[in-house]
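Chemist: Just dropping this structure here.
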């Protein structure tokens, strides 16, 4: 992105998954429509927590990591409550999947920033692996569209923002 990393970070914190009509529609189809209600003061991490994600780690200005566990192939997502990072680490319920998702920011040159996102999945049992793979074959492309919409929103905000980094944790495990 043609913006300094500090601005990109602030844009991530202000990002809105529901800003894109496509992403908003996809989230509503998944049953998250009611959770899209916007609160002008809520940060992106706070909004993700409404969807059932748990913030696992934040390295201010560099990375956010969120976790989610359940049976994602079920209409409700079959989500399991995860209180914090240690509970996420310990989660290993047979028949479930847990996913960790990050947003990472890296300054590449004066006024330029690279942002990336990655998801890692752990399966608990062969049945969970098989069902998740079938689910992901259908949902994966739409997840990609939602992420691209999020990154476009971040880019738009970063290129017009005067963001200043905020204090937070200094390392992820």
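Chemist: Could you please find all residues in segment 53-82 being surrounded by fewer than 19 Cβ atoms within 10 Å (Cβ to Cβ) and either farther than 24 Å from residue 19 by Cβ or at pLDDT below 90 (or both)?
Modeler: 57, 59, 73, 74, 75, 76, 77, 78, 80, 81
Chemist: Now a separate question. Which of the residues belonging to segment 118-136 are under 19 Å from the mean Cα position of the chain (by Cα) and not in a strand (DSSP E or B)?
Modeler: Those that are under 19 Å from the mean Cα position of the chain (by Cα) and not in a strand (DSSP E or B): 132, 135, 136.
Chemist: Additional query: Restricting attention to segment 106-130, which residues are over 19 Å from residue 67 (Cβ atoms) and surrounded by 15 or more Cβ atoms within 10 Å (Cβ to Cβ)?
Modeler: Going residue by residue through segment 106-130, those that are over 19 Å from residue 67 (Cβ atoms) are 106-115, 126-127, 130.
Passing the criteria: 107, 113, 115.
Chemist: Before we move on, is residue 58 more than 14 Å from residue 121 (Cα to Cα) and part of a strand (DSSP E or B)?
Modeler: Working: more than 14 Å from residue 121 (Cα to Cα): yes; part of a strand (DSSP E or B): yes.
Taking the combined requirement at face value, the residue satisfies it.
Chemist: Picking from 110, 65, which residue would you name as being within 30 Å of residue 1 (Cα to Cα) and over 16 Å from the mean Cα position of the chain (by Cα)? Break it down into steps so the answer makes sense when it comes.
Modeler: Working: 65 fails: over 16 Å from the mean Cα position of the chain (by Cα).
Of the residues listed, the single one that is within 30 Å of residue 1 (Cα to Cα) and over 16 Å from the mean Cα position of the chain (by Cα) is 110.
Chemist: Here is a follow-up. Restricting attention to segment 90-105, does a residue exist that is part of a helix (DSSP H, G or I), modelled with pLDDT of 95 or more and out of contact with any strand residue (DSSP E or B) (no Cβ under 7 Å at 6 or more places or on another chain)?
Modeler: Applying the first criterion (part of a helix (DSSP H, G or I)) to segment 90-105 yields 90.
Restricting the remaining residues to those that are modelled with pLDDT of 95 or more gives 90.
If we keep only those that are out of contact with any strand residue (DSSP E or B) (no Cβ under 7 Å at 6 or more places or on another chain) too, we end up with 90.
Scanning segment 90-105, I find at least one residue that is part of a helix (DSSP H, G or I), modelled with pLDDT of 95 or more and out of contact with any strand residue (DSSP E or B) (no Cβ under 7 Å at 6 or more places or on another chain), so the answer is yes.
The values are calculated or read from the model by the stated rules, or taken from the named source; none is laboratory data. Keep in mind that what you see is a predicted model, and the values were worked out from it rather than measured. Neighbour counts run over all protein chains shown; Cβ positions are idealised from the backbone, glycine included.
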